[in-house]
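The values are calculated or read from the model by the stated rules, or taken from the named source; none is laboratory data. Predicted, not measured: the structure shown is a model, and the values here were computed from it. Heads up, the Cβs are rebuilt from the backbone with ideal geometry, glycines too, and the neighbour counts pull from every protein chain shown.
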Amino acid sequence: MNSLSPILNPNSVAIVGASSDRRKRGYRAVQTLLESEFPGQVYPVNPKGGEILGLHVHSSVKNLPSVPDLAFITTPAETVPGLLEECADFGVRGAVVPAVGFRESDELGARLEESVRTIAHERGIRLVGPNTSGVLNTSAKFDLVGTRSVKPGRIAVLSQSGNVALQLMQEASEHGCGISVYVGVGNETDIAFHEYLEYLEDDPATAAILMYVEGFRDGRKFIEVANRISHIKPIVLLKGGRSDRGVLAARSHTGAIAGSYPVLRAALRQGGVSEVGRSDELLPVGLALADQPPVPIGKGLVVLSDGGGHGTLAVDTLSAGGVTIAMLDQATKSKLRDLLGRAANVENPIDVAGAADRDPSIFPKVFEILSRDESVGGVFVVGLFGGYAIRFSDALEEIEIQAAKDLGDLASESRLPVVVHSLYEGTDSAPLAELRRRKIPVVGSLEVGCRCFRALHARDLHLKNKPVPIPQPLPRRAEPECILAARREGRTVLMETEARRLLEETGAHVAPGVLCRTADDVIAAVAQMDSPVALKAVSPAISHKTEAGAVALNIEGVEAARDAFVAILAAAAQYTVKAATAPDIRGVLVMPMLKTPVAEMMVGVKRDPDFGPILTVGAGGIHVEIMHDTAIRGLPVGRPEALEMLNEIRIGSLLNGYRGRPAANREALADIILAIAACALIHPEIEEIEANPVFAYEDRALIVDARAFLNDLSRGHKQ
């Protein structure tokens, strides 16, 4: 049995803080359970005793005639720790705490929440909340939310907002799909998001999972679990706290510490989670993913409209979202021309040009022709469908209902995904009701319909990729001497020479260089290099050498090199004095000047507090912070993902060869990406490591500069 079964599918519930006051949660909870015909035992608990709605009120949990599966603690925050202990001592396995006034409020609340967390973990009682709007399981007739209008269905909802959840419940009722399970996750004090996913994975009533999230307690574990479950059931997520102001709102609302949004987006993508940006997209995208097959890789979408404007807007929006638009073959267009006549547009988007105004059955006829075209992977119907009888004549209603039935049958037979956008979505339309009965999504917003197809377009690729498990921590190696030396000196910054050595050990190709401590060393090194050279200061006090004036380029001859050495040492010393740091200059790195590359890249790994080591690949050099041209992944990654990251970034066109320039060796770049990723995983004490620039050539790739930072030992690290 799943550890959450006593909470989400209990046989008995104690309402701790039950009340005869109809305005209080302790009364409404008892009332809702009785009205929903909950088949289990309901035990009201209040020291005053008495009777509520015909049920005997017990003075305390320990006086109950049997141990309930679940306690619904409806009392104020200050009383929760003591009551939770009492429940745990009696053997209660789960608790739901709706009270506010915990870490989302103030320091006192944070201490209260910590005591609740400790009790739950030490006593083995699982806890939903605090600050939860409740839990609901319609198939079990179990309701601790109090939403009488919720119909049983196949959509599960996990939300850190009661209002967002209520909106989804109302929309689900209107669409006739209903809700299977709802959990108001609240502060995620004990039970984490990924544990609810594991419960819903095996819930036969749930076909799709919708989530509103402001922050994860264990984001890395969530992605690991989501990566597996999203292959079985689609997961759609709306993130609250994406902007700077939104992050502040999230902290004041649930106490969640929202992480870096770009990192989260990358992690969700890797986990197969469909992220949406609007609350009105959650349910339609969830239904589309649950009920429609994905758009197959290599095939495109057809927009079928009864008006040119909507068709054009749909194609624009789909194309901007990366959805492939199908190129119809000539035979298909000829058949469409014969069916629709000269006035229709048989290119994609297809415009039936008023033919449906007289005969809505034209839509399934067009669909049948499209279904035989090998280039077609889905059909988006946009415009007036479902409203022809309302718009033109009652005589069209039966024709339109039959058209809806035929469209549903053809979609099922062809296994092509279909979404219908209708201006009459909000009306009492029998044809649209028929589509919904056949599990064809109907939307009132053109943009929401396009978002459904973006998700269906991405899902086929996700389903074909096997879940990549998060690896167990790699076997500990003896710390390299450079890390030991940094620890002995009490520093967290590795010098470039030390970072280069670590990367070379994991197979990265690093541009050659010689560390010189004296002018004579520089002269000897330059004499061995058959080209102009570059000189760079080596110091744990200087991470951005260009800013410090501690770099000299295109130096020719030994005398010029000697002068550059002296100038760099002086500039480095002056920079450290201004920065109020010790002038700890360890020498100068002498490197041969390299020819101009096809492109300059940046590759780095940084440990995110929520998602662990995060890999970033993008445009490099001195413009990296200006261009913001990056692709992000959580580690681990394989070679296919490394190559995919190179395709995502704008500089990818330069890597392909631009205006006659040679193309870069992508495989060599992938080697460096994987080597840097391996270095971060092998050495978990590395908090951040970056190679910038990486020179990409047509035959190779080289790390030109590198830096690394160690974790603060007082904070530990995340593998």
Worksheet item: Given the structure, is Gly621 at positive phi and surrounded by 20 or more Cβ atoms within 10 Å (Cβ to Cβ)?
Response: no
Practice prompt. Among the residues of region 307-346, write down those that are under 22 Å from Ala455 (Cβ atoms), of a type in the set (A, V, I, L, M, F, W, C) and assigned to a loop (DSSP other than H, G, I, E, B).
Written response: Val323, Ala326
Discussion item. Name the residue that is surrounded by the most Cβ atoms within 10 Å (Cβ to Cβ), counting only residues in region 146-203 that are of a type in the set (A, V, I, L, M), under 23 Å from the mean Cα position of the chain (by Cα) and in a loop (DSSP other than H, G, I, E, B).
Written reply: Val185
Worksheet item: Is there a residue in region 122-135 that is part of a helix (DSSP H, G or I), more than 27 Å from Ala165 (Cα to Cα) and at pLDDT 95 or above?
Response: yes
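Kindly indicate which of Phe38, Phe102, Phe90 is aromatic (Phe, Trp, Tyr) and in contact with a Gly (Cβ under 8 Å, 6 or more places away or on another chain).
Phe102
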Worksheet item: Which of the residues belonging to region 344-361 are out of contact with any Asp or Glu (no Cβ under 9 Å at 6 or more places or on another chain) and either more than 17 Å from Ala326 (Cβ to Cβ) or of a type in the set (A, V, I, L, M, F, W, C) (or both)?
Response: Val346, Ile350, Arg358, Asp359
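Table: residues versus (1) among the small types (Gly, Ala, Ser); (2) more than 25 Å from Leu589 (Cβ to Cβ); (3) not assigned by TED's automatic domain parsing to the domain that holds Gly620.
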site: Ile649; (1), (2), (3): no, yes, no
site: Ile672; (1), (2), (3): no, no, no
site: Ala675; (1), (2), (3): yes, no, no
site: His683; (1), (2), (3): no, no, no
site: Glu687; (1), (2), (3): no, no, no
site: Val694; (1), (2), (3): no, no, no
site: Asp705; (1), (2), (3): no, no, no
site: Leu710; (1), (2), (3): no, no, no
Worksheet entry | Search result, residues across region 380-398 that are surrounded by fewer than 20 Cβ atoms within 10 Å (Cβ to Cβ) and under 11 Å from Ala430 (Cα atoms) | Ile390, Glu397, Glu398
Practice prompt. Given the conditions (1) modelled with pLDDT of 90 or more; (2) in the same structural domain as Glu688 (by TED's automatic domain parsing), report the number of the one that Ala478 does not fulfil.
Written response: (1)
Worksheet entry | Complete set of residues in region 1-42 that are among the charged types (D, E, K, R) and not in a loop (DSSP other than H, G, I, E, B) | Arg25, Arg28, Glu35
Worksheet item: Counting only residues that are small (Gly, Ala, Ser) and within 43 Å of the chain's Cα centre (by Cα), how many does region 522-569 have?
Response: 8
Worksheet item: Would a scan of region 430-440 turn up a residue that is among the small types (Gly, Ala, Ser) and either crowded, with 21+ Cβ neighbours inside 10 Å or within 21 Å of Val315 (Cα to Cα) (or both)?
Response: no
Item to complete: Mind listing whichever residues of region 204-213 are of a type in the set (Gly, Ala, Ser) and more than 20 Å from the chain's Cα centre (by Cα)?
Response: Ala205
Discussion item. Based on this model, can you work out whether Lys545 counts as in contact with a helix residue (DSSP H, G or I) (Cβ under 9 Å, 6 or more places away or on another chain), basic (Lys, Arg) and crowded, with 20+ Cβ neighbours inside 10 Å?
Written reply: yes
Discussion item. Given the options Arg93, Arg117, Arg103, Arg28, name the one that is over 33 Å from the mean Cα position of the chain (by Cα), in the same structural domain as Ile7 (by TED's automatic domain parsing) and touching a residue at least 60 places away in the same chain (Cβ under 8 Å).
Written reply: Arg28
Worksheet item: Among the candidates Arg220, Arg242, which residue alone is part of a helix (DSSP H, G or I) and either surrounded by fewer than 23 Cβ atoms within 10 Å (Cβ to Cβ) or in contact with a helix residue (DSSP H, G or I) (Cβ under 6 Å, 6 or more places away or on another chain) (or both)?
Response: Arg220
